[in-house]
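For reference, the structure is listed below as structure tokens.
The values are calculated or read from the model by the stated rules, or taken from the named source; none is laboratory data. Just so we're clear, the structure is a prediction, and the values are computed from it rather than from any experiment. Positions of Cβ are backbone-derived with ideal geometry, glycine not excepted, and every protein chain shown enters the neighbour counts. All accessible areas refer to the heavy atoms of the entire protein, side chains included, with ligands and DNA or RNA removed. Shrake-Rupley method; radii C 1.70, N 1.55, O 1.52, S 1.80 Å.
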Amino acid sequence: MRTLVFAEHDNQHLKGETAKVVGAAQALNAPVDVLVAGYNLEAVVAEAKKLSYVERVLVADAAEYSAQLAENLALLVHSLSGEYSHVLAPATTTGKNFLPRVAALCDVPQLSDVIAIESSDTFVRPIYAGNAIATVQSSAIKHILTVRASAFDAIEHNGNADVVVIDSVFISENSSFISAELTESERPELTAASVVVSGGRGMQNGENFALLEGVADKLNGAIGASRAAVDAGFVPNDMQVGQTGKIIAPDLYIAVGISGAIQHLAGMKESKIIVAINKDEEAPIFQVADYGLVGDLFEILPELEKSL
Amino acid sequence: MKVLVPIKRVVDYNVKIKVNNEQTAVDLNNVKMSMNPFCEIAVEEAIRLKETGAVSEVVVVSIGSSEVVEQLRTALALGADRAIHINSFEQLDSLDVAKVLKYVVEKESPDVVILGKQAIDSDNNQTGQMLGALTGMSQATFASKVFFQDGGLHVTREVDGGLQTLALKLPAIVTTDLRLNEPRYATLPNIMKAKRKPLESLDIADVGVTPHSSLTVIKVSPPTQRKAGIKVDNVAELIDKLKNEAKVIA
Ligand SMILES: Cc1cc2nc3c(=O)[nH]c(=O)nc-3n(C[C@H](O)[C@H](O)[C@H](O)COP(=O)(O)OP(=O)(O)OC[C@H]3O[C@@H](n4cnc5c(N)ncnc54)[C@H](O)[C@@H]3O)c2cc1C
């Protein structure tokens, strides 16, 4: 049987998660097809074709898919699912949104946030905000998984897959797109950056995040935040790192004015190197930090920016 | 209009959980249990919609042993009107839960079903979406804003790139994100009053669902622990370590 990987993209670019999920799919030892569903997809398809290991790129290009609504995406993927034993999507907000509908339409369970594939029917996933790791075996006829991209290495980009056009178009009768407010940033994406500088409640307000930007600029880093900083309105929701925000594993994570609640750690503790800057030497973040610096962030950050 | 809110009893979010010695499950003996935080947000949203006058009845439902009645009573104390307890001793997967909820949806015909986006034990983030597929209802997951508009719902969702707003025809499913609202606390008089609110009990066999998960947990292990590293004295030492020891910056 074959594996179908749902491609993450914004109708313009293929997102890095896709190559990582294809990387994960290699462990299944089966041919891999990638589905690109959206609107005006030329550029995305060109990028997807290059993914190594991929045999076919299925392209569903229609205005009806431009907002990637769950209802018709699920019908589309369900309609294609017959020849696949495994259907994988990255555990992004898009994947989490539509894939459970596919599983229900196929009458099989879904495994969410898979971090390791042990065999074609045995998968590893975190539970309790990553405080326990479950190994789960499935006897279902089909395996439907969202995959935590940060846990896998990306596949290379030297393939040349065949393109197959999918003609059937499904519509969402009961839901429609109204608007989007997407955060524009020149910085690398939080989920793709090798350096992330995050601020918490200790930053005190949104303006002070400029201090983090100064450091991030020097390191070509992305900016993240704790839930407390997002809830307080310092920064937008898409910057939240944690159990219910983004789950990332950069080479270097610098936590500034963040106490280190388990829900925050769930989103960043797989980082290669963690640095914590906090004025409270008892803060739990120091228990996971490779390098801790106790002190006032308002003194430390300008000095750090200058010294880099 | 009627709102249905399915809720789940889970380990309280403040509990630091441990894996049992046999490495087969998380040890749930003598730990504090509570309503899943995202379900609390769902209950709160339903009550707020009722307070605006747009909704006339809020029904809560939970599946599990008789212990889940505690969380149903909490929801009644917060302002729900009526509760349904579906008795089940088995561990259900999200698909089975969605099948049970489909039965409840068919029986109650709610205009809106509000669920938490995920439970903090299994972290699955599936049930609302699966219920949507089984009932053919539209959905808006990860909601941070919900209001009635033009005979339907407008829902703003927290997505990876920022925010997205959808229009849904009714009946519709909403799953809650953290910033949708801040749940209230139950007051003592309301806790007393909740004891007299109607609570119906059914057996899972009565709803026509035979739990049958094809998933078997073969092992539960603790995560690899990160060791605490060292404290550095100043910025210069930090930069030196990052450059020369960790080699993560140039
Ligand atoms: C269901 C659920 C899901 C959640 N999901 C998430 C999630 O995804 N992500 C997340 O982050 N949280 C999440 N949380 C919230 C989490 O429990 C914490 O409340 C939150 O992470 C705290 O954020 P913080 O560390 O910024 O704030 P605080 O805990 O208030 O810590 C602020 C820190 O800043 C330090 N500080 C203050 N001033 C200075 C200064 N001048 N210099 C240096 N240090 C200073 C303080 O010493 C303190 O350690 C969730 C909670 C629940 C219940």
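Below is a table of values for the structure above.
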read-out	value
Residue check for A:Ala154: away from chain B (no Cβ under 12 Å), of a type in the set (A, V, I, L, M, F, W, C) and part of a loop (DSSP other than H, G, I, E, B)	yes
Extreme residue, least open to solvent (accessible area, probe 1.4 Å), among residues of the stretch A:263-272 that are part of a helix (DSSP H, G or I) and either near the ligand (Cβ under 7 Å from one of its atoms) or touching a Cys at 6+ places or on another chain (Cβ under 8 Å) (or both)	A:His264
Selection from the stretch B:208-232 of residues that are more than 8 Å from chain A (Cβ to nearest Cβ) and surrounded by fewer than 14 Cβ atoms within 10 Å (Cβ to Cβ)	B:Gly208, B:Thr210, B:His212, B:Thr224, B:Gln225, B:Lys227
Pair list, Cβ under 7 Å, 6 or more apart: the stretch B:208-235 residue basic (Lys, Arg), other residue modelled with pLDDT under 90	none
Residue satisfying all of: in the stretch A:276-308; within 7 Å of another protein chain (Cβ to nearest Cβ), in a strand (DSSP E or B) and open to solvent by less than 50 Å² (accessible area, probe 1.4 Å); farthest from the ligand (Cβ to nearest atom) among these	A:Tyr291
Meets criteria (at pLDDT 95 or above, in a loop (DSSP other than H, G, I, E, B), more than 16 Å from A:Leu301 (Cα to Cα) and within 16 Å of the ligand (Cβ to nearest atom)) for A:Gly206	no
The stretch A:65-108, residues that are within 19 Å of the chain's Cα centre (by Cα) and more than 9 Å from every other protein chain (Cβ to nearest Cβ)	A:Gln68, A:Leu73, A:Val87, A:Leu88, A:Ala89, A:Pro90, A:Gly95
Extreme residue, nearest to the ligand (Cβ to nearest atom), among residues of the stretch A:114-131 that are of a type in the set (S, T, N, Q) and assigned to a strand (DSSP E or B)	A:Thr122
Wholly enclosed strands (runs of 3 or more DSSP E) of the stretch B:96-195 bearing at least 3 residues of a type in the set (A, V, I, L, M, F, W, C) and in contact with a helix residue (DSSP H, G or I) (Cβ under 7 Å, 6 or more places away or on another chain)	B:112-116, B:138-149
Count of residues meeting criterion [open to solvent by less than 50 Å² (accessible area, probe 1.4 Å) and within 14 Å of another protein chain (Cβ to nearest Cβ)] in the stretch A:192-217	8
Sole residue being touching an Asp or Glu at 6+ places or on another chain (Cβ under 8 Å) and not hydrophobic (A, V, I, L, M, F, W, C), chosen from A:Asn278, A:Asn237	A:Asn237
Top-ranked residue in the stretch A:247-262 [being closer than 22 Å to A:Asp113 by Cα and of a type in the set (Val, Ile, Thr); ranked as farthest from the ligand (Cβ to nearest atom)]	A:Ile248
Test for B:Ala194: is it at pLDDT 95 or above and open to solvent by less than 60 Å² (accessible area, probe 1.4 Å)	yes
Positions within the stretch A:114-144 being in contact (Cβ under 8 Å) with a residue 40 or more places away in the chain, within 7 Å of another protein chain (Cβ to nearest Cβ) and open to solvent by 20 Å² or more (accessible area, probe 1.4 Å), in sequence order	A:Asn131
Candidates A:Val87, A:Val108, filtered to the one that is open to solvent by less than 10 Å² (accessible area, probe 1.4 Å) and either of a type in the set (S, T, N, Q) or not in a strand (DSSP E or B) (or both)	A:Val108
Strands (runs of 3 or more DSSP E) enclosed by the stretch B:1-94 - at least 2 residues per element that are open to solvent by 30 Å² or more (accessible area, probe 1.4 Å)	B:57-64, B:82-87
Criterion (surrounded by fewer than 22 Cβ atoms within 10 Å (Cβ to Cβ), more than 19 Å from the chain's Cα centre (by Cα), over 30 Å from A:Tyr65 (Cα atoms) and more than 16 Å from the ligand (Cβ to nearest atom)) met by exactly one of A:Asn174, A:Asn158, A:Asn220	A:Asn220
Residue list for the stretch A:5-29, restricted to those being open to solvent by 40 Å² or more (accessible area, probe 1.4 Å) and more than 12 Å from the chain's Cα centre (by Cα)	A:Asp10, A:Gln12, A:His13, A:Gln26, A:Ala27, A:Asn29
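Listed here are the residues, each with its yes/no results for (1) without any contact (Cβ under 8 Å) to a residue 12 or more places away in the chain; (2) open to solvent by 30 Å² or more (accessible area, probe 1.4 Å); (3) under 22 Å from A:Asp121 (Cβ atoms).
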| site | (1), (2), (3) |
| --- | --- |
| A:Leu51 | no, no, no |
| A:Ala63 | no, yes, no |
| A:Asn72 | no, no, no |
| A:Leu75 | no, yes, no |
| A:Thr93 | yes, no, no |
| A:Phe98 | no, no, no |
